[in-house]
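Data block below; observations after.
The values are calculated or read from the model by the stated rules, or taken from the named source; none is laboratory data. All of these numbers come straight from a predicted model, not from anything done at the bench. Every residue, glycine among them, receives a Cβ derived from its backbone with ideal geometry; neighbour counts consider all protein chains shown. Calculation scope for accessible area: heavy atoms of the full protein, side chains included, ligands and nucleic acids excluded. Shrake-Rupley method; radii C 1.70, N 1.55, O 1.52, S 1.80 Å.
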Amino acid sequence: MSIVNLTNISILNNPSTFDAPFSFEITFEVISELQEDLEFKLIYVGSAESEAYDQVLEEIMVGPVPVGVNKFVFQADPPKVHLLPQTDILGVTVVILQVSYREKEFIRVGYYVNTDYKDEALREQPPPNVDFSKVERSILEDKPRVTRFNIPWDTNESQQIAQDEGMSMDSLPFQPAFGQIDTSALMKQSMDSVGSGMPRFGSMGAESGQQQGMEM
């Protein structure tokens, strides 16, 4: 098992306006003393066509971290609109939480995000320029994609192979966020379109990591 296990993630402001900060309450357990801090990073996928539009919304170091259960609120600014392709602002995208130790990522949690007008008439006939005052952001909280990576920890004795029990879907009390939105269609659209390059959700081999979450 891993030295650090995420045990719960709660999204505190969901749904929200597009310009609201992201806010995650993260609970994790440390089962052995760590010599260094943990790094938490939140990435917004700006376009399925190119990773060049990805934005790092926030990156923080957490520590020193005591052995036991720890909890904190991770907040990040919304994406910078002027850096997003205008054709990709509305619709389905992905936000990714990465956790690393000694600059090595050991867990990644991805969520699908739907950004659209709250008003049905505007969804059917959107204005030529996005009216952000009427746009809502919804995170599909109950369908995360969890991927673990094997990393060395502080000593040879504590080099661990990630195990499924570290963070199972049954242990995370995620709640649906999309209401009447057709989530199955959103999942397929986003999963099929997330860009190539370093695997984000489910394209890595068994030797690289173990995944849980949405079934392909």
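Here are the numbers for the structure shown:
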{"item": "Hits in segment 99-128 (condition: farther than 26 Å from SER2 by Cα and part of a strand (DSSP E or B))", "result": "VAL113, ASN114, THR115, ASP116, TYR117"}
{"item": "Number of the condition not met by PRO176 [criteria: (1) modelled with pLDDT under 50; (2) open to solvent by less than 50 Å² (accessible area, probe 1.4 Å); (3) not β-branched (Val, Ile, Thr)]", "result": "(2)"}
{"item": "Residue list for segment 18-35, filter: of a type in the set (Ser, Thr, Tyr) and either under 14 Å from ALA76 (Cα atoms) or out of contact with any strand residue (DSSP E or B) (no Cβ under 8 Å at 6 or more places or on another chain) (or both)", "result": "SER23, SER32"}
{"item": "Sole residue being open to solvent by less than 20 Å² (accessible area, probe 1.4 Å), β-branched (Val, Ile, Thr) and closer than 25 Å to GLU136 by Cβ, chosen from VAL94, VAL99, VAL65", "result": "VAL94"}
{"item": "Unique residue being open to solvent by 10 Å² or more (accessible area, probe 1.4 Å) and aliphatic (A, V, I, L, M) when the list is ALA76, ALA48", "result": "ALA48"}
